[in-house]
Every structure is written in C-alpha cells, then in structure tokens.
Amino acid sequence: MDFFKKDSYSIEDINNLIINEVEENIHLDYKAAGALDKEDKKRTEITKDISAFANSDGGIIVYGVSEEDHRPKEISPIDGRIYTKEWLENVIQLIQPRIEDIKVHPIRIDGIGQSIYVVKIPRSGNAPHMARDRRYYKRFNFKSEPMEDYEVKDLFNRMSVPKLKIEGCSFSLINETKDLYEYMLTATIANDAQQPCDSYKLNIYLNNFRYCNIGEQSDRTQYSYTAINSKRLKLGLRSQEIIYPNEMLDIGHIRIFVNKKDNHLFLDNLIIDMILLFHGGQDETAYIPSLHKYIEGRDKINELLDQQSWAKP
C-alpha cells in the first residue's frame, strides 16, 4: 500500500523507505533523533516543520530516521521514555490555530526506549497556521521556508475555495448477451475542502471508442458527447448535486456496449483519462482497467497515451 495512505505503520515500512532510498520531497521529510529536544529552539523547529506541511499540501515527517543527500540513511531511534508521544503532541499544539486530524504513529523498535514517530499531517482547510516563532511557513522542495505576505493572504482564502479530487473509477461488466458485453463506467469524486461545492464538471476521455457504443442517457446520467478524432471520445458530465466537506459522490453510471468479437481490441489498450474541473483548480487521473492501475500527473498521462498503439496512425 502507498506509504501516505496507510492507517498504521511498522518497522518494516521504515526499512522499506531506507532500502528503496525514498527521497524527501514536498510531502515527505526525515528527521534524526536530535530533532526532538526540549530546548526552545528545537521545539520551535518542530512547529515550523509541521505547520509548513499543513499550510502546503500535507505530508509525513518521520522522526527517528537520519538522511543524507535527502535520502534516508539509517534509523536514528528516539528515547520514547523522554520524548513521549504525548510530549510531541503537546509541542504540536503550540501551532496556532490548532491543526485538525493530525496523527502521531509511534513505532517501537526494541521497547519504548527506541522509538520512531511517523507524524501524518493533513492539508489544512483552516490555514494559515503560525509556528511558535509567530511566522508562517510553507513546504518548498526539501525544506520549510517562510511564506511571503501574498501567500499568507492566499491561504486565508483556502476555506472558501473548493478542493475536489478524483477518488477512483469503476469499469465493470454488468450484462452479457449473445453478441454484446455491457459495461458500466462510474467515477468517484470527493470534496476535501471546508466548504460545499455545487459547481464542477468531469470530462472522461475514452480511446478505442470506435469499438464501442454508448448507452442512451437517463435522468441519472446527463452528459455531452464530443468526438475528438476517430479514436478518442470526450464525455462531459455536469454537476449532479452539492458535494459537502468530506463527502464522496459517484458520478457517471455510463453504459458502454462492446461487440464480443471486438472486446479484446477495446479492453487491451483502454485508458480512461479523467479531468475534474472546479472553481479554483482541477484534478487529473487516468485509469487502466486491464491493469487495475491509476496514473496521476498530466505529463505521465500524456506519455502513457503517446505510447499506445491506438494513438499511432
């Protein structure tokens, strides 16, 4: 499972980070044992680093792992008898305003005297958060950097700006006749912001659409239909209902019919490319049903599309 999506952590997860040399990035930071100290300077650094993640896009700080050239070097255990989970949580509470839903996961290596703390920090909808030195920070490359005045002002607007994302996609066989397979295409979108969102649009692009037919629209599914070229189809789905904070919604329920003789030609190279548009941003994901695999990032998606045989003349 993706390290960032886990609900609990073990020493095996930490060893995997070290073995695979998973580099620090905008969402991940390593801190050796010396980063936790009861002196004022170190406590301020803790609030600075954690608030920077919350003010940016969230992420994880692993306390108890040293790094070299931004890669994890070795375990640098923390004495959990001195620097307890509760002590670390109390230091984090020095950040103003309080960061909601932050999680501290302790890992015990050889008893509490040798510990690692995995601190999972959400992207905050209540930003900006101020560190103990009364300054605001952001995550930039591998470091926590002071924010400019305009960046702080932008964060004050975060609560009123929607933050939708594509949670997943379902492409499943629902019916079969003598000559046809009938599939159902459904996407799941979610609202990670603090405000409800009632205006959004999901564009779904299908390749190989010459091998399929789209079922008739119903009251449940209203979409526009645009042929980009002879091999690529766009289905545009409008807002269906308000999405409230922390709510998920299935959108689509599109029926797709494929002749059995063409089924392998349709499925083998099928890529479902999705772009979710909303006020203030967008989210992009591609799903490959044959591999049950997701691809994120427009550059990677375009590279994948360019590699497919269907895209070549």
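Derivation of every value follows stated rules applied to the coordinates shown; laboratory data play no part. The model shown is predicted, which means the values in this text are computed figures rather than measured ones. Here the Cβ positions follow ideal geometry from the backbone for every residue, glycine too, while neighbour counts run over all protein chains shown.
For the residues 2, 7, what sequence is obtained by ranking on other C-beta atoms within 10 Å, fewest first?
Ascending number of Cβ neighbours within 10 Å: 2, 7.
So what is the relative contact order for the chain, in percent, with contacts set as C-alpha pairs under 8 Å and at least six apart?
Once normalised by length, the contact order is 14 percent.
Can you tell me the order of 184-191, 165-172 when each peptide is scored by its average per-residue count of other Cβ atoms within 10 angstrom, highest first?
184-191, 165-172
Along the Cα-to-Cβ line of residue 173, 7 Å from the Cα, sits a label point; which residues in region 278-292 have backbone N less than 15 Å from it?
289-291
Candidates (1) 15.1; (2) 25.6; (3) 19.1; which is the computed mean projected area of the Cα convex hull in nm²?
Derived directly from the coordinates: (3).
What is the sum of charges around residue 277, taking Lys and Arg as +1, Asp and Glu as -1, for the other residues whose C-beta is under 14 Å from the C-beta of residue 277?
That works out to +2.
What distance in nm separates the two pseudo spin-label positions at residue 57 and residue 180, each 7 Å out from Cα along the beta-carbon direction?
About 4.2 nm separates the two model spin labels.
Using amide H atoms built 1.01 Å from N in the peptide plane, name the residues 5+ places from residue 27, or on other chains, whose amide H lies under 5 Å from its own.
Those qualifying (amide H under 5 Å, at least 5 residues apart or on another chain) number zero.
Run the simple label-point estimate for residue 84 and residue 68 please: 7 Å along Cα→C-beta, distance reported in nm.
Once both label points are built, they end up 3.6 nm from each other.
Which residues in region 182-211 have a backbone N closer than 20 Å to a point placed 7 Å from the Cα of residue 260 along the Cα-to-Cβ line?
In region 182-211, the label zone of residue 260 (backbone N under 20 Å from the point 7 Å along Cα→Cβ) covers 182-184, 211.
With r defined as the distance between the Cβ atoms of residue 112 and residue 242 and R0 fixed at 41 Å, what FRET efficiency is calculated, to the nearest 0.05?
Once rounded, the FRET efficiency stands at 0.30.
Once R0 is set to 30 Å, what does the formula 1/(1 + (r/R0)^6) return for the Cβ-Cβ distance between residue 188 and residue 12, expressed as a FRET efficiency to the nearest 0.05?
0.50
How high is the relative contact order of region 164-311? Use alpha-carbon pairs under 8 Å, at least six apart in sequence, and give a whole percent.
Reported as a whole number, the value is 28 percent.
For the chain, what does the helix formula give at 222 nm: sum of -39500 (n - 2.57) over DSSP H segments with n ≥ 4, over the residue count, nearest 500 deg cm²/dmol?
Helix-only estimate at 222 nm: -5000 deg cm²/dmol.
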